[in-house]
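Comments concern the structure below.
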Amino acid sequence: MAPTEQDLQWLVDLHEEHGASLHRLVTMLGAESESGHIVRSALLTLGRRANRILDPAERLEFVREEVVHDARAVRGPGPLTLPPVEEPRQQEILAAIEALPTRFSEPLVISHYLSVFGPELAGILRMTVRGANARLEDALDELRAAVGDPSPGSMPGVIESLSQEITAALRASARMVPKPGTETLEDELREVGDLRGRGVALWVVVLSVVLALVLGFGVARATDPVPVDVPEATATPSPTLTSASPEPSATPSRSLPAQVRSVPVYYVGRNNGRLYRELRDLPASGSLVDAAIEAILAMAPLDPDYDSPWGPGGLLGTELSGHTLTVDLTAAAYEEFSTPMQARPALDQVLYTASELIGDPALRVIFLSDGAPAPEVLGQPADGFQRRGLEPMPALWLSSPKNSATVPSGQLTVLGSVKQGAEAPVVTITREDGITVASATAQTATVADEQGWRTWSLQVSLRPGDYLVEASTTVPALDPTQPVESSSESKSITVQ
């Protein structure tokens, strides 16, 4: 049944009540130029999930989470820049926050500007409560070392702790943010409100707005499509671990079905610059490769340990000819790159994603910038970039469960892959309170596939609660004088 005007009025009310603060938050997180798009996208995505998210507090938390991660994806790497204020102590705090690594500055801004802590902050950051609390405590320690504890009289009668000073400074900074330059969601509905006067229901108006948003700023952030009715594959580990597995593949392939679930999208590890793959649900479109590249540019990874180093650019188009894919991006996409070494992980994101979707292990990708040759800083060969086997990958992947997944209580199967030559992974599962509930060596295939990966799995029974699942391995050095290489990955999950 189509939603009625009364059904959707809450969405307009939510925007009217929180739209301005969300815009200011997006600006402080470094994505002011896309603020209107980010906020409206989050609200309209929530509107399409209204039947699943009924509690007003959960609705607000959902929008905040979407806004934060879309802003992070738009900003890309680099420190935060906060609007300056006149009060000296507050400006000292703001400057110190800007100087912190983003893994510390972002939680400080989000928690203290929104006044969310504990489970609320963890949900927005897509982390466990323990992980979010630890991150915030470390950030406060770093900031305290830079600015010192509050001094008597710094803000007499108002500020009694460093956290209160941070909140006051951030809110003073937020007041310096100009009002959004785009119209509010309610204004957009009113623009086409005369349709209702001619007997057209509000749901048609909302769909018109959604369509305009999709055409205006890309399907990656503005859609939450209903999947085509195609049976989903279920991953069941084989006792011998020699069957199909979640590791990457670029074997010459069949044509892809018309579905949007579990599309491989590659991201870059924040700490090691290696390639990691997430299976994402993407909007149905004329080209799944285009949709995946747009996701690389604009969709925040589910795992906060991953990143996309591209600048705030967009996809203009792609063209496939034989084994060569030409990818034309706007110039802004290349802004963050200063050396070929810095650019290569981002280029591999597109190359490995497209190669896997097309099913062509010999695929080459040529990048353009606004239809012209890409910047020289990429160091692009004349015939384009080509896959380098498993070289860009870490020694270990933890493929399932996904980060922030909610799974039923009982038996949980943990799946992943290791490179040939790596030791069988050790999987450790830790409860939110720090108690280790399981630690065991995963069952690992003895024979690698044609790509060079060996699958591994471990089954464990878990009760309801929040857990951190971590897998780690080592790669013995061929030269005894060289250090042993280690690799690990972790996922936060909720068991219900």
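Side notes on the structure shown:
- Considering Thr436, Thr430, Thr406, Thr446, the condition of being β-branched (Val, Ile, Thr), under 24 Å from the mean Cα position of the chain (by Cα), on the phi < 0 side of the Ramachandran plot and open to solvent by 50 Å² or more (accessible area, probe 1.4 Å) is satisfied by Thr406 alone.
Okay, residues lined up against (1) crowded, with 19+ Cβ neighbours inside 10 Å; (2) modelled with pLDDT of 85 or more; (3) touching a Lys or Arg at 6+ places or on another chain (Cβ under 8 Å); (4) of a type in the set (D, E, K, R):
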{"site": "Leu22", "(1), (2), (3), (4)": "yes, yes, yes, no"}
{"site": "Ser41", "(1), (2), (3), (4)": "yes, no, yes, no"}
{"site": "Arg48", "(1), (2), (3), (4)": "no, no, no, yes"}
{"site": "Asn51", "(1), (2), (3), (4)": "no, no, no, no"}
{"site": "Arg64", "(1), (2), (3), (4)": "yes, yes, no, yes"}
{"site": "Val67", "(1), (2), (3), (4)": "yes, yes, no, no"}
{"site": "Val74", "(1), (2), (3), (4)": "yes, no, no, no"}
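- Evaluation of Thr446 against the conditions (1) without any contact (Cβ under 8 Å) to a residue 40 or more places away in the chain; (2) of a type in the set (Ser, Thr, Tyr); (3) assigned to a strand (DSSP E or B) shows that the sole unmet condition is (3).
- Within segment 334-364, considering residues that are farther than 30 Å from Leu29 by Cβ and over 24 Å from the mean Cα position of the chain (by Cα), the one surrounded by the fewest Cβ atoms within 10 Å (Cβ to Cβ): Ala362
- Top-ranked residue in segment 281-304 [being over 9 Å from the mean Cα position of the chain (by Cα) and among the acidic types (Asp, Glu); ranked as nearest to Val469 (Cα to Cα)]: Asp281
- Hits in segment 367-382 - residues which are outside any loop (DSSP other than H, G, I, E, B) and either of a type in the set (A, V, I, L, M, F, W, C) or open to solvent by less than 50 Å² (accessible area, probe 1.4 Å) (or both): Phe367, Leu368, Ser369, Ala372, Val377, Leu378
- Taking the criterion of being in contact with an Asp or Glu (Cβ under 9 Å, 6 or more places away or on another chain) and open to solvent by 10 Å² or more (accessible area, probe 1.4 Å), the residues of segment 307-319 that qualify are Pro309, Pro312, Gly313, Gly314, Leu315, Leu316, Gly317, Thr318, Glu319.
- Members of segment 281-300 that are open to solvent by 10 Å² or more (accessible area, probe 1.4 Å), touching a helix residue (DSSP H, G or I) at 6+ places or on another chain (Cβ under 7 Å) and under 14 Å from Leu316 (Cα atoms): Val289, Glu294, Leu297, Ala298
- Cβ pairs under 6 Å, 6+ apart, first in segment 11-37 and more than 16 Å from Glu66 (Cβ to Cβ), second assigned to a helix (DSSP H, G or I) and among the β-branched types (Val, Ile, Thr): Met28/Val109
- Count of segment 103-145 residues which are without any contact (Cβ under 8 Å) to a residue 24 or more places away in the chain, over 17 Å from Asp433 (Cβ atoms) and part of a loop (DSSP other than H, G, I, E, B): 1
- A single member of Ser409, Ser400 is touching a Lys or Arg at 6+ places or on another chain (Cβ under 7 Å) and not aliphatic (A, V, I, L, M), and it is Ser409.
- The residue pairs whose first member lies in segment 398-410 and is over 9 Å from Lys491 (Cα atoms) and in contact (Cβ under 8 Å) with a residue 12 or more places away in the chain, whose second member is among the charged types (D, E, K, R) and open to solvent by 20 Å² or more (accessible area, probe 1.4 Å), and whose beta carbons are closer than 7 Å, counting only pairs six or more residues apart or on different chains, are Ser409/Arg463.
- Residue that is surrounded by the fewest Cβ atoms within 10 Å (Cβ to Cβ), among those in segment 77-96 that are acidic (Asp, Glu) and assigned to a loop (DSSP other than H, G, I, E, B): Glu86
- Residues located in segment 388-417, provided they are part of a strand (DSSP E or B) and either within 27 Å of Leu351 (Cα to Cα) or small (Gly, Ala, Ser) (or both): Leu396, Trp397, Leu398, Ser399, Ser400, Ala405, Gly410, Leu415, Gly416, Ser417
For (1) charged (D, E, K, R); (2) touching a His at 6+ places or on another chain (Cβ under 7 Å); (3) buried (at least 18 other Cβ atoms within 10 Å of the Cβ), each residue gets a yes or a no:
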| residue | (1), (2), (3) |
| --- | --- |
| Thr413 | no, no, no |
| Val426 | no, no, no |
| Glu450 | yes, no, no |
| Gln459 | no, no, no |
| Gly465 | no, no, no |
| Ala471 | no, no, yes |
| Pro476 | no, no, no |
| Pro480 | no, no, no |
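- Residue selected from segment 320-333 under the condition in contact with a Leu (Cβ under 7 Å, 6 or more places away or on another chain), of a type outside the set (A, V, I, L, M) and within 22 Å of Leu363 (Cβ to Cβ), by the criterion surrounded by the most Cβ atoms within 10 Å (Cβ to Cβ): Asp328
The values are calculated or read from the model by the stated rules, or taken from the named source; none is laboratory data. What you see is a predicted model; the values in this text were computed from it and never measured. No Cβ is skipped: glycine too gets one built from the backbone with ideal geometry, and neighbour counts run over all protein chains shown. In case anyone asks, the SASA skips ligands and DNA or RNA and just uses the protein heavy atoms, side chains included. Shrake-Rupley method; radii C 1.70, N 1.55, O 1.52, S 1.80 Å.
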